[in-house]
Amino acid sequence: MRHLISPLDLSLDETNQLLDLASRIIDDPEAFAHKCEGKQLATLFFEPSTRTRLSFESAMLSLGGKVLGFSSASSSSASKGETVADTIRVVSSYVDIIAMRHPNDGAPVVAADHSAVPIINAGDGGHHHPTQTLTDLLTIRRLKGKLDHLTIGFCGDLKYGRTVHSLIKAMCRYEGTRFVLISPDELKVPDYVRDDLTATGYAFQEVKSLEDAMGQLDVLYMTRIQKERFADEAEYLRLKDSYILDGAKMALGKKDMIVLHPLPRVNEIATEVDDDPRAAYFQQVWFGKRVRMALILKLLGLESGFGPGEKPALPQPRHDLKCDNPRCISLAEPTLPQTFFPTEEPGVFRCKYCDHLHKL
């Protein structure tokens, strides 16, 4: 049984196989219309979602399967204090596969530890969003014709933007990728993302000006400033209009650049940009359903290609440290054991659930 918690849970070869399958679905959807007859998908969304939840449900229905689930924590037993582990133990006895979104970083790790069926991480706090990453990869490959030797600019909320963190990890596996990270100081990528970039040796630069970066980008990935991730509303109000992509800024970009956005947008992309042929964010949504169809088929073993997966040998964990990420699932559910693994850097440990680093 395989899960998808992080975009790196799939090897590069498996990722490319998945994108190939999604392209086959695009070219011949009728050939896949009955592949999941008799199968059920649960969508467990502990925080609000429109695109991702409906995309999963539409994907399963288009494969001939059925869906059940909930769209907010308030309509689940989580409102009564039930843990993620117990919810998953129960729901995985009803269905064949689960797509789960949760506001706490690392919650899908807990789910995978206790599930009897494959778990798909549909977004966990500000941590990962691997199916959005697969959507992004498919969009880039279909529109740019390749995934290597590209310069990708990420603009906006790079601190809490789980789609950003996931896509950076995924693109680090393609040769010749360059990253331009555009954000105010308060919303720079977390240390663990920056450390991963440094460790892999990929070229990246951190800048504050979108205008100065535009001319070098093959892909511009815009993000909204996420109000729900801020503990301090005053800080959100100060930063929310940091970057607005409009026609004047688009004029500075390459003629074959594409603009992506995980949506929803607020005002970070002016509506006038929608008519620019380089605006690809609504095409991105369309590709998202097809890549989720491919993923469901692969994880259920209805299409060949995914092996059992390789679990690396993990070093001895430590349980005497405490994660200082306030959004970590280990803090939201105190019964979970604090678990840290040593990194290659002496005295630095990585949280099992949310990947945040603890330095002694």
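General observations
- Between amide H atoms placed 1.01 Å from N, distances below 5 Å from E206 occur with L181, all of them 5 or more places distant or on a separate chain.
- Note on the range 131-190: Kirkwood radius taken over Cα pairs, Stokes-Einstein applied at 25 °C and 0.890 mPa s, translational D equal to 206 µm² s⁻¹.
- With every protein chain in place, the range 8-60: carbon and sulfur % of accessible area (1.4 Å): 46
- By the rule of a C-alpha distance below 17 Å, with chain neighbours fewer than 8 residues away ignored, the aspartates and glutamates paired with K146 are D13, E14, D20, D136, E175, D218, D256.
- Between the range 12-85 and the range 240-311, the Cα center-to-center distance that results, in Å: 18
- Column: log10 I(q)/I(0), Debye, Cα scatterers of the range 246-360, q = 0.10, 0.14, 0.23 Å⁻¹: -0.65, -0.91, -1.11
- Only protein atoms count toward the accessible area here, which uses a 1.4 Å probe; on the range 242-360, the carbon and sulfur part of that area reaches 55 percent.
- Averaged over its residues, the range 156-204 has an accessible area of 32 Å² per residue, based on protein heavy atoms and a 1.4 Å probe.
- In the range 93-161, inverting the average of 1/r over every pair of distinct C-alpha atoms gives 14.0 Å as the Kirkwood radius.
- For the range 296-360, the fraction of alpha-carbon pairs in successive 5 Å shells from zero, as %: 3, 16, 21, 15, 11, 11, 12, 8, 2, 0
- Charge sum, other residues only, whose C-beta stays under 14 Å from E82's C-beta, Lys/Arg counted +1 and Asp/Glu -1: 0
- Straight Cα distances below 30 angstrom link K66 to the lysines K35, K39, K80, K289, K298, with same-chain residues fewer than 8 positions distant left out.
- Amide H contacts under 5 Å for T151: R178, D218, V219, restricted to partners 5 or more places along the chain or on a different chain, H placed in the peptide plane at 1.01 Å from N.
- Dimensions in Å of the chain - Rg and Dmax from alpha carbons: 19.8, 56
- The range 1-146 - accessible surface per residue (Å², probe 1.4 Å): 37
- When you work out D = kT/(6 pi eta Rh) for the range 66-184 at 37 °C and 0.692 mPa s, using the Kirkwood radius from C-alpha pairs as Rh and the Stokes-Einstein form, the result is 205 µm²/s.
The values are calculated or read from the model by the stated rules, or taken from the named source; none is laboratory data. These numbers come from a predicted model, not from an experiment. Cβ coordinates were reconstructed from backbone atoms using ideal geometry, including for glycine residues, and neighbour counts include every protein chain displayed. Heavy atoms of the whole protein, side chains included, go into the accessibility calculation; ligands, DNA and RNA do not. Shrake-Rupley method; radii C 1.70, N 1.55, O 1.52, S 1.80 Å.
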